[in-house]
Amino acid sequence: MQKSAIDLSDIQEDTPQSRLTIEQRLRNWARIKSPWAIHYNSGSCNGCDIELLTLVTPRYDVERFGVKLQGSPRHADILIVTGSVTFQSKDRLIRIFNQMPEPKLVLGLGSCSISGGVFHDCYCVVQGGVSNVIPVDVFVPGCPPRPEAMINGLLVLLDIAKGKRQKSDYNQPTIVENPDVVEAPLNAPEENGEK
Amino acid sequence: MTELQEINKSTSAKKYIVPIGPQHPALKEPGHFQFTVEGEIVVDATIRLGYVHRGIEKAAEQRNYTQVLYLVERVCGICSHSHGTAFIQCAEKLAGVEIPPRAKAVRAIAGEIERLHSHLLWLGVASHGGGFDSMFMYSWRDREIVMEILENFFGNRVNYSVNIPGGVKEDITTEFIDQVTPKLEYLKKRMEYYLDVINTDITFRQRTVNIGKIGKVETDKLGATGPTARASGVARDMRITRPYDGYDLFPVNIVTDDRCDLNARFVVRIKECIESILYIIDVMNRMPDGELTAKMPRKIPAGEYMSSVEAPRGELFYFVRSNGTENPDRVKIRTASLCNWGTVVSSVAKGHKLADMPMILSGIDPCFSCNDRMVQISRGKNDSEVWTWEQLRKYGIEYYQ
Ligand code: SF4
């Protein structure tokens, strides 16, 4: 096994908590390597949904990061919500969120999920976007966001799960910006040191 | 009476209701279906829509025409150009503005690129419903080429807003033509390959030939539109029967098929893609000269206008009433998916195996975001009342219990 896999060096053996901590780290490790995502359309225009689907197709292929779209909320680690929340789908969204096992992460896609977008003043839409219904960890803006931006959002989400970044306060959600066009050659050395 | 109950009991004992949705892996949008099955055969089907009802028609009354244009483009992200065109046509006709021929050609080209992207998307989703995942991956890989074209020239991959009141905002330059032509030729080869796969792959044929048959007369009666109708031999195409922007200058060829089954729907859509490619190349090389926009007043004179556009899924209908101000008085949208649902529920679905349902459902290329409605209930003739949301919801729960 590579040395970066799970760091257990600081755990004292044979204490009652140690088994729990080890178990927790093991779980977290497994979760980060292959998070399963479930997609729920809570009232979007389809734009974000078709862009999300491109993520599983050959050009963008998020299975590189182990992310896989899953059918059932009970198997999922990440809930991907697209679109504004309509009154009809509000209850279902909450139910799906509750059905997911802990620990769970939520990714909101598109301007609609942030604030309601173009539908912000429609009579049938919950004001203020998804974060007024369920807690959202990361938002990706755009109408619809580019697939690259979505992948970036997923990676930030995984960083949060790893503990590299702080889980955001729900009132001030992390907003992932569209990544700038990469000018540097693709195989440039990574500089993740100072994170 | 007891006999009747017993009969009821014995028959209902064999029937099961399989509920699907609203969140389910096969479709990307929420809808709730109930299939009544006897063994494996579906004997009845009902749908419940409305999860993505956002109240766009009402919101359109509070915004001005330019804002509404961007709003209606987001009725459905897949056919956004068709929605924009249909709406802005009404406004232009009401204002008495005739858009320049070059703008018309650009609109037609954008419409055909959209059809290409929508049909490729559908090809993937429908074959995924039938368990043919390699086709899904192939067609979505090729779809990226179309998305590239859209992004490079219209600025966004989805919701590309080609239209502005009185014309279009992007021009088709020689650069565009040079870049796009090889891509389209490659796509044409791919579409011919898919046509070949669909007609020769044995497994695929077993899952599509003679499945979901619906006769010509019945299709006509149920009011199906678009490729669903054309695959049953009903030659119904708004681009031909009532030519609008662009199609009056450059006519298109209609594709029909008489086999009426699921396979025919695949064939019609793929042939339409090939037609679109030829059409785009043809129009690009015969672009009329001139301006891109005509001047459009902010206030639209009072009046009513109806327009129909052939969206990738079928006829898209818009009604706009203006009262002489900057905002429309009423916008009514009727989309193609709503017309096509009837074919699934009333006839196609019954008598098939449950395993065929995903393919039959996706055979009409359903789109939920554009057909979710709210119905206001009035009891009796003179006793109409406004219901609050809570009342309506309570009524709904009681009704379904
Ligand atoms: S953000 Fe834009 S593309 Fe996404 S659901 Fe909303 S309107 Fe559609």
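The values are calculated or read from the model by the stated rules, or taken from the named source; none is laboratory data. On a predicted model such as this, the values are computed, not experimentally measured, just so you know. Quick reminder, even Gly has a Cβ in these numbers, built from the backbone with ideal geometry, and neighbours come from all protein chains shown. Quick note on the areas: whole protein, heavy atoms, side chains included, nothing else; ligands and nucleic acids left out. Shrake-Rupley method; radii C 1.70, N 1.55, O 1.52, S 1.80 Å.
When the Gaussian network model of chain B links Cα atoms closer than 10 Å, the mean-square fluctuations of B:207, B:265, B:239 top out at B:207. Interface residues of the range A:90-129, defined as those with an accessible-area decrease of at least 30 Å² between the chain by itself and the complete set of protein chains (probe 1.4 Å), are A:91, A:92, A:118, A:119, A:121, A:122, A:123, A:124.
Using R₀ = 45 Å, calculate the FRET efficiency as 1/(1 + (r/R₀)^6) where r is the Cβ-Cβ separation of residue A:132 and residue A:61; round to 0.05.
So, using R0 = 45 Å, E works out to roughly 0.85.
Can you give me the % of accessible surface on chain B that is carbon or sulfur? Probe 1.4 Å, all protein chains present, nothing else counted.
Details: 8900 of 16920 Å².
Carbon and sulfur atoms account for 53 percent of the accessible area of chain B.
When a 1.4 Å probe is rolled over the protein heavy atoms, the share of accessible surface on the range A:37-164 that falls to carbon and sulfur comes to 51 percent.
Average partner chain C-beta neighbours within 10 Å, per residue of B:228-237?
Working: counts 0, 0, 0, 0, 0, 0, 0, 0, 0, 0.
Mean number of neighbouring Cβ atoms from other chains: 0.
Note on the range A:37-164: Cα-only Rg and Dmax are 13.5, 41 Å.
Straight-line cross-link partners of residue B:271 among the aspartates and glutamates, defined as a Cα under 12 Å from its Cα and at least 8 positions apart when in the same chain: B:192, B:196, B:257. Return the residues of the range A:138-160 for which accessible area with all protein chains present is lower than in the chain on its own by 20 Å² or more; set the probe to 1.4 Å and exclude ligands, DNA and RNA. Listed in order, they are A:143, A:144, A:146.
Beyond 12 Å, what share of the Cα-Cα pairs of the range B:17-77 is found? Please give it as a whole percent.
Details: 1339 of 1830 pairs.
Tail fraction, whole percent: 73.
So, for the range A:66-140, what is the accessible surface per residue at a probe of 1.4 Å, expressed in square angstrom?
Counting only protein heavy atoms, the per-residue value for the range A:66-140 is 33 Å².
What's the total accessible area buried between chains B and A, using a 1.4 Å probe, rounded to the nearest 100 Å²? Adding both sides of the contact gives about 3600 Å².
Take the cross-link list B:58/B:221; B:189/B:221; B:58/B:93; B:216/B:353; B:93/B:221; A:68/A:104 and give me the ones stretching past 26 Å between alpha-carbons.
On the way: B:58/B:221 31 Å; B:189/B:221 37 Å; B:58/B:93 22 Å; B:216/B:353 23 Å; B:93/B:221 31 Å; A:68/A:104 15 Å.
Beyond 26 Å: B:58/B:221; B:189/B:221; B:93/B:221.
Averaged per residue, what accessible area in Å² does chain B show with a 1.4 Å probe, protein chains only? Before the final figure, lay out each step's value.
Working: 16920 Å² over 401 residues.
Dividing the accessible area of chain B by its residue count gives 42 Å².
With 5 Å bins beginning at zero, the pair-distance distribution over Cα atoms of the range B:63-337 amounts to 1, 6, 13, 17, 18, 17, 12, 9, 5, 2, 1, 0, 0 %. Can you check what the Kirkwood hydrodynamic radius comes to for the range B:53-203, Cα pairs only, in Å to one decimal? After inverting the pairwise mean of 1/r, the radius is 17.0 Å. Could you sort the residues of the range B:45-90 by number and keep only those whose accessible area is reduced by 50 Å² or more in the all-protein-chain setting relative to the chain alone, 1.4 Å probe? Hits at the 50 Å² cut-off: B:51, B:53, B:54, B:63, B:74. If you model the range B:183-298 as an ellipsoid using its alpha carbon gyration tensor, with each semi-axis the square root of five times an eigenvalue, the axes come out at 32, 21, 9 Å, biggest first.
Annotation: residue B:365 carries an accessible surface of approximately 10 Å², with a 1.4 Å probe and no ligand, DNA or RNA atoms counted.
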